[in-house]
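> One structure, pasted below without further comment.
The values are calculated or read from the model by the stated rules, or taken from the named source; none is laboratory data. Since we're looking at a predicted model, the values are computed, not measured. Methodologically, a virtual Cβ is constructed for each residue, glycine included, from the backbone with ideal geometry; neighbour enumeration extends over all protein chains shown. Side chains included, ligands, DNA and RNA excluded: accessible areas come from the protein's heavy atoms. Shrake-Rupley method; radii C 1.70, N 1.55, O 1.52, S 1.80 Å.
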Amino acid sequence: MESKSFVKKTIAYTVAILIIIAVIMVIIDPFSHFHMPLFGMGPVATDERTALIGIAKNDTYETALIGSSMSENFVDSWFEDGYFGKSAVKFCLQGAHFDDYEIILDEVIKHPELKTVVFGLDNYILTDDPSEQEITIPEYLYNDSVFDDSHYVWNKSAFTEFLPMFLINNIKEHGSDDNAYVWEHLFPYGKAAALASYTAFRPEYPKDREPYDTYFENADLFLSKFTKYIEARPDVKFYVYAPPYSILFWDYSVLNGRLEAEICLLERVYSKLLEYDNVELYYFQDDMDIITNLDNYRDYSHYKQAINYYMYTRMRDGKKRITKDDYYDVLIGVFEMASSYDYDSIFK
């Protein structure tokens, strides 16, 4: 009898503990899965892959900043200037491919108050084989089923790691999400840092040149996915920008024999995007003052927060914008620059 009583008590205590954990998770909700933060808290940084889909679904915003680590150093309040909108949220996913962005965009595009999408179009999104990329956002956080919410409310990492992180970051940031996922202060910058990172994987010898149409299939697949959002919301302005990778990026492109194919890929994508009246395209990869100054970088592609602010002001002021009339010439200029640049001088 005592053993049966012990088992019953154990089951009862276990169930009680699970209920308490579930209640805490639902109320605090560090990933904003059920609702936006309560008690004056804000959607501060916890984990991009798990938190941002809930914010995309449940928050209210006029401007959505969507991109990879190249967008993480943006500050929401910059874009709350009345030009882009009065409220902005950053949806940044390090190393993400478009299948992840689709999940975010599926929620973002539903918001009737949405006015602006600022989208960082990284080259790797277009050159990497889409069939080899996996969705990194957990399905139980974005599907419509309530039956698998148990994966969230009784998730050990969410309860023991990210819930405390959510509370601590709210205390530090006072409920502001401006510095969410910003990494500006975490890395050394400069030529030495950039070269140390890059030389580890720089090709020793030039490879054969890839055919000009190597990435056309990738481009067409991307366009078929991305343009459906542009067409669904003609009332929303899409600011699409190409981040300014350092000159080392173009050294890598040349040595891998992909420069021509990469430029032809960009031409194919840009020509299509520029057909839409609600798309503005901004190109920063030809800004020589930025890309040739390795003091701006921590590796061959990631730049200081000052560059993010520069891009914000250029897009706000309509500068560095390319159009149907000049995009081709801009890309030809980049091809000529990248193919003739004295890369050896960087390593001396």
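> Exactly one condition in (1) open to solvent by less than 70 Å² (accessible area, probe 1.4 Å); (2) over 35 Å from the mean Cα position of the chain (by Cα); (3) β-branched (Val, Ile, Thr) is not met by residue 46; state its number.
Among (1) open to solvent by less than 70 Å² (accessible area, probe 1.4 Å); (2) over 35 Å from the mean Cα position of the chain (by Cα); (3) β-branched (Val, Ile, Thr), residue 46 violates only (2).
> Taking region 129-150, which residues are touching a residue at least 40 places away in the same chain (Cβ under 8 Å), of a type outside the set (A, V, I, L, M, F, W, C) and in a helix (DSSP H, G or I)? Even if it seems obvious, please write down each step before you answer.
Taking region 129-150 and keeping what is touching a residue at least 40 places away in the same chain (Cβ under 8 Å), we get 129-130, 136-138, 141-142, 149.
Narrowing the set further to residues that are of a type outside the set (A, V, I, L, M, F, W, C) leaves 129-130, 136, 138, 142, 149.
Once the filter is applied, which keeps residues that are touching a residue at least 40 places away in the same chain (Cβ under 8 Å), of a type outside the set (A, V, I, L, M, F, W, C) and in a helix (DSSP H, G or I), region 129-150 yields only 130.
> Does residue 269 meet the test of being β-branched (Val, Ile, Thr), over 24 Å from the mean Cα position of the chain (by Cα) and at pLDDT 95 or above?
When the stated conditions are applied, residue 269 does not pass them.
> Next up: Of all residues in region 232-258, how many are open to solvent by 10 Å² or more (accessible area, probe 1.4 Å) and assigned to a helix (DSSP H, G or I)?
5
> Only one residue in 304, 324, 320 is open to solvent by 30 Å² or more (accessible area, probe 1.4 Å) and under 19 Å from the mean Cα position of the chain (by Cα), so which one is that? Break it down into steps so the answer makes sense when it comes.
Numbers: 324 fails: under 19 Å from the mean Cα position of the chain (by Cα); 320 fails: under 19 Å from the mean Cα position of the chain (by Cα).
Checking each option against the conditions leaves just 304.
> Right, residue 137: within 12 Å of the chain's Cα centre (by Cα), under 27 Å from residue 154 (Cβ atoms) and not basic (Lys, Arg) or not? First the steps, then the outcome.
Details: within 12 Å of the chain's Cα centre (by Cα): no; under 27 Å from residue 154 (Cβ atoms): yes; not basic (Lys, Arg): yes.
So residue 137 does not fit the description; no.
> Answer with yes or no whether residue 218 is at pLDDT 95 or above, in a helix (DSSP H, G or I), among the polar types (S, T, N, Q) and surrounded by 19 or more Cβ atoms within 10 Å (Cβ to Cβ). Even if it seems obvious, please write down each step before you answer.
Details: at pLDDT 95 or above: yes; in a helix (DSSP H, G or I): yes; among the polar types (S, T, N, Q): yes; surrounded by 19 or more Cβ atoms within 10 Å (Cβ to Cβ): yes.
Yes, satisfied.
> I've got another one for you. Is it true that residue 133 is over 30 Å from residue 211 (Cβ atoms), surrounded by fewer than 22 Cβ atoms within 10 Å (Cβ to Cβ) and not charged (D, E, K, R)? Let's see the steps before the verdict.
Working: over 30 Å from residue 211 (Cβ atoms): no; surrounded by fewer than 22 Cβ atoms within 10 Å (Cβ to Cβ): yes; not charged (D, E, K, R): yes.
No; evaluated as a whole, the condition is false for this residue.
> Name the single residue, out of those in region 163-176 being open to solvent by 30 Å² or more (accessible area, probe 1.4 Å) and not in a helix (DSSP H, G or I), that is nearest to residue 43 (Cα to Cα).
First pass over region 163-176, keeping only residues open to solvent by 30 Å² or more (accessible area, probe 1.4 Å): 164-165, 167-169, 171-174, 176.
Narrowing the set further to residues that are not in a helix (DSSP H, G or I) leaves 174, 176.
Details: 174: 11, 176: 7 Å.
Residue satisfying both the conditions and the ranking: 176.
> Can you spot a residue in region 188-201 that is within 20 Å of the chain's Cα centre (by Cα) and exposed (fewer than 13 other Cβ atoms within 10 Å of the Cβ)?
So the first thing to find is which residues in region 188-201 are within 20 Å of the chain's Cα centre (by Cα), and the list is none.
No, every residue in region 188-201 fails to be within 20 Å of the chain's Cα centre (by Cα) and exposed (fewer than 13 other Cβ atoms within 10 Å of the Cβ).
> Tell me which residues, restricted to region 12-43, are free of Cβ contacts under 8 Å to residues at least 40 places away in the same chain, farther than 18 Å from residue 150 by Cα and open to solvent by 60 Å² or more (accessible area, probe 1.4 Å).
Of everything in region 12-43, those that are free of Cβ contacts under 8 Å to residues at least 40 places away in the same chain, farther than 18 Å from residue 150 by Cα and open to solvent by 60 Å² or more (accessible area, probe 1.4 Å) turn out to be 13, 38, 39.
> Answer yes or no as to whether residue 229 is aromatic (Phe, Trp, Tyr) and in contact with a strand residue (DSSP E or B) (Cβ under 9 Å, 6 or more places away or on another chain).
Details: aromatic (Phe, Trp, Tyr): yes; in contact with a strand residue (DSSP E or B) (Cβ under 9 Å, 6 or more places away or on another chain): yes.
The answer is yes for residue 229.
> Tell me the residue from 127, 160 that is of a type in the set (Val, Ile, Thr), more than 15 Å from residue 93 (Cα to Cα) and open to solvent by 40 Å² or more (accessible area, probe 1.4 Å), please. So that I can check it myself, show each step before the final result.
Numbers: 127 fails: open to solvent by 40 Å² or more (accessible area, probe 1.4 Å).
Result: 160 is the single residue among 127, 160 that is of a type in the set (Val, Ile, Thr), more than 15 Å from residue 93 (Cα to Cα) and open to solvent by 40 Å² or more (accessible area, probe 1.4 Å).
> Now for a separate question. Counting only residues that are in contact with a helix residue (DSSP H, G or I) (Cβ under 8 Å, 6 or more places away or on another chain) and of a type outside the set (S, T, N, Q), which one in region 251-260 is farthest from residue 330 (Cα to Cα)?
Quick first cut of region 251-260, residues in contact with a helix residue (DSSP H, G or I) (Cβ under 8 Å, 6 or more places away or on another chain) only: 251-254, 258-260.
Still in the running and of a type outside the set (S, T, N, Q): 251-252, 254, 258-260.
Numbers: 251: 19, 252: 20, 254: 18, 258: 18, 259: 15, 260: 14 Å.
Among them, the one singled out is 252.
> Checking residue 260 against (1) free of Cβ contacts under 8 Å to residues at least 60 places away in the same chain; (2) under 24 Å from residue 210 (Cα atoms); (3) not hydroxyl-bearing (Ser, Thr, Tyr), only one condition comes out false. Which one?
Looking at each condition in turn, residue 260 falls short on (1).
> For region 141-150, which residues satisfy the criterion of being closer than 11 Å to residue 25 by Cβ and loosely packed, with under 13 Cβ neighbours inside 10 Å? Give the derivation first.
Kept after step one, since they are closer than 11 Å to residue 25 by Cβ, are these residues of region 141-150: 149-150.
Once the filter is applied, which keeps residues that are closer than 11 Å to residue 25 by Cβ and loosely packed, with under 13 Cβ neighbours inside 10 Å, region 141-150 yields only 150.
> Same structure, new question: Can you tell me which residue in region 49-59 is surrounded by the fewest Cβ atoms within 10 Å (Cβ to Cβ), limited to those that are of a type outside the set (S, T, N, Q) and not in a loop (DSSP other than H, G, I, E, B)?
Step one: list which residues in region 49-59 are of a type outside the set (S, T, N, Q), which gives 49, 51-57, 59.
After this cut, where a residue has to be not in a loop (DSSP other than H, G, I, E, B) as well, the list is 49, 51-57.
Details: 49: 16, 51: 25, 52: 30, 53: 24, 54: 22, 55: 23, 56: 24, 57: 20.
Here the residue is 49.
> State which residue is nearest to the chain's Cα centre (by Cα) when the search covers only region 91-128 and only residues that are closer than 8 Å to residue 66 by Cβ and in a strand (DSSP E or B). Steps first, answer last, please.
First, the residues of region 91-128 that are closer than 8 Å to residue 66 by Cβ: 91-92, 101, 104-105, 108, 117-120.
Filter once more, so that each one left must be in a strand (DSSP E or B): 91-92, 117-120.
On the way: 91: 6, 92: 3, 117: 12, 118: 10, 119: 8, 120: 7 Å.
Step by step, filter region 91-128, then rank; the result is 92.
> Oh, and also: When region 202-215 is examined, which residues are found to be among the hydroxyl-bearing types (Ser, Thr, Tyr) and open to solvent by 70 Å² or more (accessible area, probe 1.4 Å)?
Passing the criteria: 205, 212.
> I'd like the full set of residues that are touching a Lys or Arg at 6+ places or on another chain (Cβ under 7 Å), β-branched (Val, Ile, Thr) and open to solvent by 10 Å² or more (accessible area, probe 1.4 Å), limited to region 86-124.
109, the sole residue that qualifies.
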